[in-house]
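Asks: Pasting in a structure now, in structure tokens, and then I'll have a few things to ask.
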Amino acid sequence: MDFDLECENLTKRFGVLTAVDEVSFTVPEGSFFSILGPSGCGKTTLMRMIAGFESPDNGNIRIKGEPVVGLPPNRRNVKMVFQHLALFPMMNVGENIAYGLRCRGAARDEIRRRVGDVLERVGLPDAAGKEIHQLSGGQKQRIAIARCMVLDPDVLLLDEPLGALDLKLREHMKVELKLLQHQFGTTFVYITHDQSEALVMSDRVAVMRDGRFDQIDTPQALYHNPQSAFVAGFVGDSNRWNGRVTRVSGDELVLETAAGLVLTGRTAGDSALRAGDRADIYVRPEAITTTRAGGSSGGGNPSDGANSLDGIIDSLLFNGANSRILVRTADDRLIEAHLPLTGDNSDLGDGERVTLSWPSDYSRCFAPLEG
Amino acid sequence: MRTQSLLARWIYHGYVIVFFVYLAAPLAAAGLFAFNDSLFPSLPWRGFTLDWFFSDTEPKLGVFHDDRLLRGLYYSFWIGLAVSALSVFVGTCNAFLFERKSFPAKNFFYVMMIIPLVIPGVILGISILVLASSIVNGIEERWGYEPDFLRPGLLLVVLGQFSFITTITSLVIAARLRKFDVEMEEAALNLGANRWRVLRTVTLPYLRPALIAAGVVAFLISFENFNTTLFLVGSEAPLTITMYDRMAKVGSTPVLNAVSVVLMVGSATLALISVLVQRDVPDGR
Amino acid sequence: MAARSDQQKLALILLFTPFLLWIVLLIVLPHIGILHLSFQEKVGLREFNYSFANYIDFLNEPIYWNTLLRTAVISILVTVITLFVGFPIAYYIAKIARRRIRGALFLLCLIPLWVSDLVRAFGWIVLLRETGVVSGVLQWSGLVGQPVEMLYNDATIVIGLVYTVVLFMIVPLVSTLDGMDDSLVEAGFNLGGSRLTVLRRIIIPYAMPGIVAGFIIVFMLTAGSYLTPVLLGGKNSMWFTEQIYNQFITRYNWQAGATFGVLLLIFTSTVVWLGLRLSGQSLANTVAKP
């Protein structure tokens, strides 16, 4: 397999702060790769190193096999869509897109042709003469991408470009970006703190925290098989309990919380948990089945590999397909469970007694997060 | 309560109107008598005339035929141009210096940059006069050669005005530079431009309205400057000095009013241009 | 990478050079020059001693330090008057006028600024002198029987000076007030404040940088003003800058002139510094234009 981007042991320190800590990854050609992490995790620094605006203290970067560390930013064939797009206000759309070509000294005819081409490919064929301030938010996004793509880059970097858009437009642009990437066939490297963006658009996602990659995987794997407590908590929603491990057999373990709740789950990640260790257990709301107390599918016990909790419905959170109920359990915690809109249990209401149950396969246990 | 606040409002509005009348009065007076067909810029009004502008016979020598005044205008114009060009250039350097670079004692130097604005113009004038004069004397004593251009004259006037106008242009340009999103320079670099090209095609075009505005402001302030120029002027005098001489020694004829009108119209036009240039520029984002 | 930071260092040096040349050659050295000159005492033909003689002469001659005192007092008076005259106007422009009028009003305010000191003083002369407009109107309306000379007295000087500098008070005030969120004032009223309270506790503290900026610039311009007091005050003007002019140009006594210059500079700088201290502002964030 050919890689468009390869990073080895990239490290960057600012004084005593290590922003990027021995990060290594590869991106296959033609794929959509996202780096997902909270603010301050180092993803922007990492991207700026790939683009050439920062130089790594340590490590290598190769674009299509060529090492680029040491090349100034205007000589690398990675083009970047900036957070605020950075479209030049004193030029019109056509001149913006032509900028890179003019720097290369391309002939006027060729410039005109290629600008026209790329505008068609992003779906704005007549925009060349327009001024930047006449464009809508979504159009500006596409022009910013066109400005980069017209130069046939090896890799396109995108720095949280959807942040300034409102919700509906953002949802629309997520799909658009994925389609554009397929259409151009260029490798996209996308950084964001919004996990839904990363999951929807990417072929693979790297979750970053404090300068390191916690996990690099497909969106599905990240969601269903998080390898660390951080990923489990950051990607998607989860309920979390903290307790002490009472028994371990293979990759299954039993955990008892301070309040006496007994739960089972699978271990994951490198944390080798043993009896007596403290651990966190995570389960997603949609994995939980809610039934009325005393109902037919109620009751399971830890020894069957199933979990079961009783509680009272505290409130209903209606959110279309994403509806949830908040259940107050015996240990006075609020647990989020998926609320089905159709079927037997779709008429649950406030104050009803219910039983929450889920198989232990759907719980994940990890060593607790530090700090 | 209501009537009281209504009365208060009317008083307030009235005050504002009175104020603007107060602002306009001397200018109107100065300008009006330029059109008075009389030998003195005073009442009684003897009829409307454009003679004080265009007539070329004594004793009513119009502005556009009065050689000394015209020469004053000529010198003022070139001095203004020189001061404007110099101060915009140095002002741009200063703007980049303080907005983009970091260096030790930066705050101290920033204060130094602003200090010329709080020094009375008279002091700026005499201090430069003294320095130039000592340099001239020193050179003459040591090498016997007298560098005339350092004696009171056009160069000294330009330098004297430049000394404080540069602060103003620096501030105007720096204000615009501050609003510049560095992302745009990075984007240009990313697209393949080298640093010079980025400066030329992205940063300077963005600064253009501020550069023009600063240039116009510099020109206007230079044109109307008196205090500093007074001590540095030689035989080639700009318009303000010429006019003052005329007023103090010969007594005033309405030709000075005509000059005032020309100055008012000229500065209003330039000021308008500078405002217009700054208005229809998109800020970019 | 080493090449790049060398390039950056070179850029820094290139940018710093014009700045340094300007400040050192045109500001620092000249002022050291007049300071130096002020300490030179003329002992004989082309012979000089270093001493405080010039300063002592200044103190000994009542007319000199009287003039300085008079200039000082009138300048402060003018500055205070300007603040009171200008603040309501600035507030009106920044807050009360509607958008379109606001731009026009601001421009109207700026126009007298662009016209020279000379034209302004000349205009006042035309208005106020014996044969001037106001006198003529008064005679015509029968209020007075003969031409009234209104120039050449202190009141006229003050009016003329206020006129010259009021715009330098208004401009920084408008800029500062413009940035004030209307909701601050509304909150003040909403929480029960009277108009006076809101003015005193909310508007004025917020506008303080603008007020101080205006104060400094106006004071400095007034004390350093030449044309307005001299032309409007005539022989009675007794303005300190006129003294400096006399010493330098008329009497060619550069030592004395330099001394006066230094004294004026010390005086204005002290007031400026006091003003900054008392209001807790710094030079950089007041005078530096928006």
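Asks: Select from chain B the helices, each a whole stretch of DSSP H, whose alpha-carbon atoms run 30 Å or more along the helix axis and whose Kyte-Doolittle mean is at least 0.0; answer none if there are none.
Replies: Length and hydropathy pass: B:2-32, B:67-100, B:121-143, B:154-178, B:254-279.
Asks: Rg/Rh for region B:148-224: what does it come to with C-alpha atoms and Rh from Kirkwood?
Replies: 1.17
Asks: Could you work out the helix-only [θ] at 222 nm for chain A, with each DSSP H run of four or more residues adding -39,500 (n - 2.57) and the total divided by the number of residues, to the nearest 500 deg cm²/dmol?
Replies: -7000 deg cm²/dmol
Asks: Run the simple label-point estimate for A:SER323 and B:GLU146 please: 7 Å along Cα→C-beta, distance reported in nm.
Replies: Once both label points are built, they end up 10.2 nm from each other.
Asks: Dividing the Cα radius of gyration by the Kirkwood radius, what Rg/Rh value follows for chain A?
Replies: 1.07
Asks: Going by a 1.4 Å probe on protein heavy atoms, which residues of region C:91-139 end up with at least 50 Å² less accessible surface in the whole assembly than in their chain alone?
Replies: C:TYR92, C:LEU107, C:TRP114, C:VAL115, C:SER116, C:LEU118, C:VAL119, C:PHE122, C:VAL126, C:ARG129
Asks: A:LYS140: which lysines have alpha carbons under 30 Å from its alpha carbon, excluding same-chain residues fewer than 8 sequence positions away?
Replies: Excluding near neighbours in sequence, the set is A:LYS43, A:LYS64, A:LYS79, A:LYS130, A:LYS168, A:LYS174, A:LYS178, B:LYS179.
Asks: Averaging over all projection directions, find the projected area of the Cα convex hull of region A:137-213 and quote it in nm² with one decimal place.
Replies: In nm², the orientation-averaged hull projection of region A:137-213 is 5.3.
Asks: Another question, if that's okay. Can you tell me which of A:LEU158, A:LEU273, A:LEU169 moves the most in a GNM of chain A? Springs connect C-alpha atoms under 10 Å apart.
Replies: Top of the fluctuation ranking is A:LEU169.
Asks: Percent of accessible area on chain C owned by carbon and sulfur, 1.4 Å probe?
Replies: Here it works out to 66 percent.
Asks: Ignoring everything except DSSP H segments at least 4 long, calculate the 222 nm mean residue ellipticity for chain B; use -39,500 (n - 2.57) per segment, divide by total residues, nearest 500.
Replies: -23500 deg cm²/dmol
Asks: Taking K and R as +1 and D and E as -1, what net charge do the other residues with C-beta under 14 Å from the C-beta of A:ILE63 add up to?
Replies: Residues near A:ILE63 contribute -3 overall.
Asks: Here is a follow-up. Determine, for each peptide in B:102-109, C:211-218, the mean count of other beta carbons within 10 angstrom over its residues, then list the peptides with the highest first.
Replies: C:211-218, B:102-109
Asks: Using a probe of 1.4 angstrom, how much of the accessible area of chain B is carbon and sulfur, in percent?
Replies: 66
Asks: What size of dipole, in debye to the nearest 20, comes out for the protein assembly as shown about its Cα centre when the only charges are +1 on Lys and Arg C-beta atoms and -1 on Asp and Glu C-beta atoms?
Replies: 1920
Asks: In square angstrom, what is the accessible area per residue of chain A with a 1.4 angstrom probe?
Replies: 45
Asks: Which is farthest toward the positive dipole end of chain A among A:LEU156, A:PHE88, A:PHE32, measuring Cα position about the Cα centre, with Cβ charges +1 (Lys, Arg) and -1 (Asp, Glu)?
Replies: The Cα lying farthest towards the positive end belongs to A:PHE88.
Asks: Additional query: What average number of partner chain Cβ atoms lie no more than 10 Å from the Cβ of the residues making up B:231-244?
Replies: 2
Asks: Can you give me the Kirkwood hydrodynamic radius for region C:183-266, using every pair of distinct Cα atoms, in Å to one decimal?
Replies: 16.1
Asks: While we're looking at this one, here's another question. Could you check which residue among B:ALA218, B:ALA193, B:ALA85 shows the biggest mean-square fluctuation in a GNM of chain B with a 10 Å Cα cutoff?
Replies: B:ALA193
Asks: Quick one: go through region C:236-269 and flag any residue whose amide nitrogen is under 17 Å from the point 7 Å out along the Cα-to-Cβ line of C:TYR55.
Replies: C:255-269
Asks: Still on this structure: Counting pairs of alpha carbon atoms under 8 Å apart in space and at least six apart in sequence, what relative contact order in percent does chain A give?
Replies: Result for chain A is 15 percent.
Asks: Counting partner chain Cβ atoms within 10 Å of every residue's Cβ in A:86-97, what's the average?
Replies: Across A:86-97, the average partner-chain Cβ count within 10 Å equals 5.
Asks: Just how much of C:TRP124 is accessible, in Å², when a 1.4 Å probe is used and the result is rounded to the nearest 10?
Replies: 20
Asks: For chain B, what ratio Rg/Rh do Cα atoms give with a Kirkwood hydrodynamic radius?
Replies: Rg/Rh for chain B comes to 1.07.
Asks: So, one more: Using alpha carbons only, how many degrees (0 to 90, rounded to 10) separate the axis of helix A:167-184 from the longest principal axis of chain A?
Replies: 60
Asks: Could I ask something else about it? Can you tell me which of A:126-138, A:231-243, C:246-258 comes out highest on packing, and rank the rest after it, using the mean Cβ neighbours within 10 Å?
Replies: Top to bottom by mean Cβ count within 10 Å: A:231-243, C:246-258, A:126-138.
Asks: Still on this structure, please answer the following. If the elastic network links every pair of Cα atoms under 10 Å, which of A:LEU263, A:LEU167, A:LEU339 fluctuates the most in the Gaussian network model of chain A?
Replies: A:LEU167
Asks: Distance from the Cα centre of region C:68-101 to that of region B:109-168, in angstrom?
Replies: Each part reduced to its Cα centre gives a spacing of 33 Å.
Asks: Moving on. Quick one: buried accessible area between B and C, total over both chains, 1.4 angstrom probe, nearest 100 Å²?
Replies: 7200
Asks: With the cut-off at 32 Å, report for chain C the share of all Cα pairs above it, as a whole percent.
Replies: Of the Cα pairs, 44 percent sit more than 32 Å apart.
Asks: Below 12 angstrom from the Cβ of B:LEU204, what's the summed charge of the other residues (Lys, Arg +1; Asp, Glu -1)?
Replies: Residues near B:LEU204 contribute +3 overall.
Asks: Where q = 0.18, 0.21 Å⁻¹, what log10 of I(q)/I(0) comes from the Debye formula for region A:77-220, counting one point per Cα?
Replies: Debye output, listed in q order: -1.05, -1.36.
Asks: Next question. Two decimals is fine: what is log10 I(q)/I(0) at q = 0.07, 0.08, 0.10 Å⁻¹ for the protein assembly as shown, from a Debye sum with one equal scatterer on every Cα and no solvent?
Replies: Computed log10 I(q)/I(0) values: -0.80, -0.93, -1.17.
Asks: At A:ASP210 and B:ARG9, where each label point lies 7 Å from the Cα along Cα→Cβ, what is the point-to-point distance in nanometres?
Replies: 6.3
Asks: Can you work out the accessible area per residue across chain C, with the rest of the protein chains kept in place, probe 1.4 Å, in square angstrom?
Replies: Per-residue value: 49 Å².
Asks: So with the 1.4 Å probe, I'd like the accessible area per residue for chain B, rounded to whole Å².
Replies: 45
Asks: Taking accessible area as the heavy-atom solvent-accessible surface of the protein chains with a 1.4 Å probe, which residues of region C:217-233 lose no less than 50 Å² upon going from the isolated chain to the full protein assembly?
Replies: C:MET220, C:TYR226
Asks: Modelling each spin label as a point 7 Å along the Cα-to-Cβ direction, I'd like the B:ILE17/A:LYS64 distance in nm, to one decimal.
Replies: Roughly 7.5 nm, to one decimal.
The values are calculated or read from the model by the stated rules, or taken from the named source; none is laboratory data. This is a predicted model, so every value here is computed, not measured. Positions of Cβ are backbone-derived with ideal geometry, glycine not excepted, and every protein chain shown enters the neighbour counts. Please note that ligands, DNA and RNA were not included when accessible areas were found on the heavy atoms of the full protein model with its side chains. Shrake-Rupley method; radii C 1.70, N 1.55, O 1.52, S 1.80 Å.
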